[in-house]
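Engineer: Here it is, the structure in full.
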Ligand SMILES: [Cu+2]
């Protein structure tokens, strides 16, 4: 019976015949608290504050102090909820570490240095591209291992149609190319490397500088071709496949190199993920 | 030599006695209670004062003695899920075990002959939804000690389970409206479709007579880990490898599982060990159990073990370790219209599904990947290339599409041989069938009560080939036996007691008939089971069951479940009159009444009552007989004419009518009928076209030249604002009450 009454009241209120004002005593209690939140720059500030105000009534992050001041109504939310939202946007804080995927998604300038604990905690997170990109230079068997790893990271980013990651990985690729230790290459390998390195760098720079996925993919065609030639001369420790997509570039086709036999097309992303075929295998 | 043998025998005897003497007794008190899981105080069932029911622990070889003290005013039952058990202990009321009447105590007593992660729950009506589920853990004898943790997942709704069930049968979309509060676009209205650029997809969907597509039917207010939205297990330290025993004790929710601390190693399923397999994520079907080994990477960090409902509306977490909380990546909302488009491609005009030659099985091809942003990308890119990827067999294979490893049944391998003993093999073919619009769920288009028990013989091997021709996945559970899932590992095929089968999949399971009595085989989604999706296997020449002195009478009680009638009524209280309808229906029959009551004699009063039966698998055809009554004060010399030239001049009309309804594409119901006055009437009608999240359009027109069109704006689960134009009563507005 009580339910009925409530419903009819709501209904009438909605129709506009009667206006019922809720007389609930408003809880004017506002709590102000400060929490440690990692971050880098002005862009971080914006992201952090936007995330926090999804729950909090007010939020201000200080770049110097790396602190977030929040005001909220404890009847509606709590610090846990607010800081969880901040962590989901990519920022570690004193209660929550961001998921690895959220952190990697941040733009370059925002990729703040994570605390040792957060880094360690995330090393097993299932973001495999990140696992591959941390080459321990000591154990490197092949001089170009980190170059190859970064090439695959760029490819994986293109598979995911993720221009930001493609760009940042490409910049790292550029660095890795400059840091290859020539003395560890034998004469034949040296010849191969010298033949392709400048073209590789050109494409790496172009992809790194662009945030336009179609431009990046264009440069990726030549980058892939040259990379494959290098891989044939300086073999990685694993099997690689030269895959071919017949459609790209108005049917001219394009190649890419992959570590798996499964086709994952970097030229079209999810839409044509498994379009293409293996055209060569190098063991 | 002889004395040696005697010695051995003696040792065996004492060992046996030692083992047999270990009785483990539990007393469980079932009581009504009030709980507040989601902002409102609601009725639930608590056992020993808690939800979930207490975690029971045994060791292989124990004898279980469990006293159920039923302190409810209604009867109850407990089923021991996954246990190899004498038939009369299985706990399906009226089939294997006496129901536990109100205010009585029932003793379950059985030997524990296996080990692993199992659970127990009520098998009476919808009690399971209201808290009657608990973990049943059996430890291995002499197993090396290992850190472990039991996690039972469940779903909670503030709506009474009876109401949930009734509304499902009414194709009421209130739960989608609730979901849309959390996830935009969940109603999949025409408005949502336009916003997503998928108008054609929505239109095709309705053309193929489908309602909004969803991966789960019920809106839940909360998901629970051991009865709480979040639960902490701070006792674990860096380097610990914890066996987490996960039980999906929910009534109708599948959960995606992922772990913030890295990969999960799947070590057992449904209680049986498997060769450990590392995965990034996995889905756990309703009623399944999985043991996963999780490693704690660091100290001073608590790692999230995240369980997200398949519809991704909400989640629940377990935190392993103590310290700053390391979040797992949340699952992004489903891309509904990509799913709808996929469904359109798969649905034939006759309501059957078409797998386009993909031979789907063992959860390897998940059609739903088209909706998962983490696998197929956030948004569809523009189609700049015409390539028929339909032929591509990997299009739905999430492991081929991404670098995330998702568990599927093809990856489960038993560590020991599971080949069945030699014996004659019987093959049974089952097609899982369903009708989403009327919420009819069945096997081979027949419910439990519409079929006879399937007779099997002890010593036979039973092979079941299941094909899922319905639009939803079903966790099929067999009582009292383990079956092998024939999955390519041959002699090492895994043993399970729940098989999740996705739409369009064909799976083969087989088991050795080694028991006696009657055993239930059913879909474990509570509302599917209650709608009749199941079969009973009955061993020939079984001894009489002492718990059921009159088995013929008892089974009728079980059959009542899927014969249940559901009631709905709707009335529009408008400024120009009352319009309403009422339905009282079950799987096949429907008693309908429609009325139009004016506020004066000129407008008239009209009531039509029909009784009919739904025909065919899709239930589009509905022949009926009925009685019409109409009173309308006619003006002098006024004559009503229909398009066939038939006339009416009488104030009062009473007639018997015969008619047939048929659901056309776009879900338009065509109705043709004639009555004992010789009158013929044809009409077309469509109700509840979802224009936006809450706005619905209705229209009707008939050969008596009557027509109606109107809008409804849904306020809550019972009330809507309405406005319509009616050829008899003109323009009107008011509100509609729906029960
Ligand atoms: Cu089902």
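Engineer: Look at region B:479-506 and say how many of its residues are within 14 Å of the ligand (Cβ to nearest atom) and assigned to a strand (DSSP E or B).
Structural biologist: First, the residues of region B:479-506 that are within 14 Å of the ligand (Cβ to nearest atom): B:498-503, B:505.
Add one more test, that the residue is assigned to a strand (DSSP E or B), and what stays is B:498-501.
Within region B:479-506, residues that are within 14 Å of the ligand (Cβ to nearest atom) and assigned to a strand (DSSP E or B) number 4.
Engineer: So, one more: If you go through region B:278-303 one residue at a time, how many are in a strand (DSSP E or B) and closer than 29 Å to residue A:92 by Cβ?
Structural biologist: Residues that pass the stated criteria total 11.
Engineer: What is the number of the single condition among (1) assigned to a strand (DSSP E or B); (2) in contact (Cβ under 8 Å) with a residue 60 or more places away in the chain; (3) surrounded by fewer than 15 Cβ atoms within 10 Å (Cβ to Cβ) that residue B:689 does not meet?
Structural biologist: Status for residue B:689: all satisfied but (3).
Engineer: Now for a different question. For region B:587-608, name all the residues that are closer than 17 Å to residue B:565 by Cα and either at pLDDT 85 or above or in a strand (DSSP E or B) (or both). Step through it out loud before you land on a result.
Structural biologist: Within region B:587-608, the subset closer than 17 Å to residue B:565 by Cα is B:587-593.
Matches in region B:587-608: B:589, B:590, B:591, B:592, B:593.
Engineer: Follow-up question, since we're still on this one. Taking residue B:318 as the residue in question, decide whether it is away from chain A (no Cβ under 14 Å) and not in a strand (DSSP E or B).
Structural biologist: On the way: away from chain A (no Cβ under 14 Å): yes; not in a strand (DSSP E or B): no.
No: the conditions fail for residue B:318.
Engineer: I need the full set of residues from region A:97-109 which are facing another protein chain (nearest Cβ under 8 Å) and surrounded by fewer than 24 Cβ atoms within 10 Å (Cβ to Cβ), in order please.
Structural biologist: A:101, A:102
Engineer: Let me ask you something else. From the residues in region B:321-343 that are free of Cβ contacts under 8 Å to residues at least 40 places away in the same chain and touching a strand residue (DSSP E or B) at 6+ places or on another chain (Cβ under 8 Å), which one is farthest from the other protein chains (Cβ to nearest Cβ)?
Structural biologist: Applying the filter and picking the extreme gives B:323.
Engineer: A further question follows. Just to check your reading of the model, which residue among A:143, A:125, A:157, A:120 is at pLDDT 85 or above and either part of a loop (DSSP other than H, G, I, E, B) or within 14 Å of another protein chain (Cβ to nearest Cβ) (or both)?
Structural biologist: A:157
Engineer: Here is a list of conditions, (1) assigned to a loop (DSSP other than H, G, I, E, B); (2) touching a strand residue (DSSP E or B) at 6+ places or on another chain (Cβ under 6 Å); (3) within 14 Å of chain B (Cβ to nearest Cβ), and residue A:56 meets all of them except one; can you say which number that is?
Structural biologist: Failed condition: (3).
Engineer: Across region B:428-465, what is the number of residues that are in a strand (DSSP E or B) and within 16 Å of the ligand (Cβ to nearest atom)?
Structural biologist: Selection size over region B:428-465: 12.
Engineer: Let me ask something else. Kindly list the number of the only condition in (1) more than 10 Å from chain A (Cβ to nearest Cβ); (2) modelled with pLDDT under 95 that fails for residue B:284.
Structural biologist: (2)
Engineer: What are the pairs, 6+ residues apart or on separate chains, where a residue within region B:521-544 that is within 17 Å of residue B:556 (Cα to Cα) has its Cβ under 7 Å from a residue that is within 12 Å of the ligand (Cβ to nearest atom) and modelled with pLDDT under 90?
Structural biologist: Filtered contacts from region B:521-544: B:531/B:439; B:531/B:440.
One line per residue, one yes/no per condition, for (1) in contact with a helix residue (DSSP H, G or I) (Cβ under 7 Å, 6 or more places away or on another chain); (2) outside any loop (DSSP other than H, G, I, E, B); (3) on the phi < 0 side of the Ramachandran plot:
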position	(1), (2), (3)
A:204	yes, yes, yes
A:215	no, yes, yes
A:250	no, yes, no
A:266	yes, no, yes
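Engineer: Ok, one more. Please enumerate the residues belonging to region B:32-85 that are touching a helix residue (DSSP H, G or I) at 6+ places or on another chain (Cβ under 8 Å), crowded, with 17+ Cβ neighbours inside 10 Å and outside any loop (DSSP other than H, G, I, E, B).
Structural biologist: B:44, B:45, B:76, B:80
Engineer: May I ask you to verify whether residue B:267 is touching a strand residue (DSSP E or B) at 6+ places or on another chain (Cβ under 9 Å) and buried (at least 24 other Cβ atoms within 10 Å of the Cβ)?
Structural biologist: Against the criterion (touching a strand residue (DSSP E or B) at 6+ places or on another chain (Cβ under 9 Å) and buried (at least 24 other Cβ atoms within 10 Å of the Cβ)), residue B:267 does not qualify.
Engineer: Surrounded by fewer than 20 Cβ atoms within 10 Å (Cβ to Cβ), on the phi < 0 side of the Ramachandran plot, part of a helix (DSSP H, G or I) and away from chain B (no Cβ under 14 Å): is that true of residue A:188 in this structure? Write out each step before concluding.
Structural biologist: Numbers: surrounded by fewer than 20 Cβ atoms within 10 Å (Cβ to Cβ): yes; on the phi < 0 side of the Ramachandran plot: yes; part of a helix (DSSP H, G or I): yes; away from chain B (no Cβ under 14 Å): yes.
It is true that residue A:188 is surrounded by fewer than 20 Cβ atoms within 10 Å (Cβ to Cβ), on the phi < 0 side of the Ramachandran plot, part of a helix (DSSP H, G or I) and away from chain B (no Cβ under 14 Å).
Engineer: Of all the residues that make up region B:525-581, how many are under 30 Å from residue B:436 (Cβ atoms), part of a helix (DSSP H, G or I) and away from the ligand (no atom under 16 Å from the Cβ)?
Structural biologist: The number of residues fulfilling the criteria is 7.
Engineer: Could you tell me whether region B:206-228 includes any residue that is touching a residue at least 60 places away in the same chain (Cβ under 8 Å), surrounded by fewer than 21 Cβ atoms within 10 Å (Cβ to Cβ), over 19 Å from the mean Cα position of the chain (by Cα) and closer than 26 Å to residue A:118 by Cβ?
Structural biologist: No - not one qualifying residue is present in region B:206-228.
The values are calculated or read from the model by the stated rules, or taken from the named source; none is laboratory data. Since we're looking at a predicted model, the values are computed, not measured. Cβ coordinates were reconstructed from backbone atoms using ideal geometry, including for glycine residues, and neighbour counts include every protein chain displayed.
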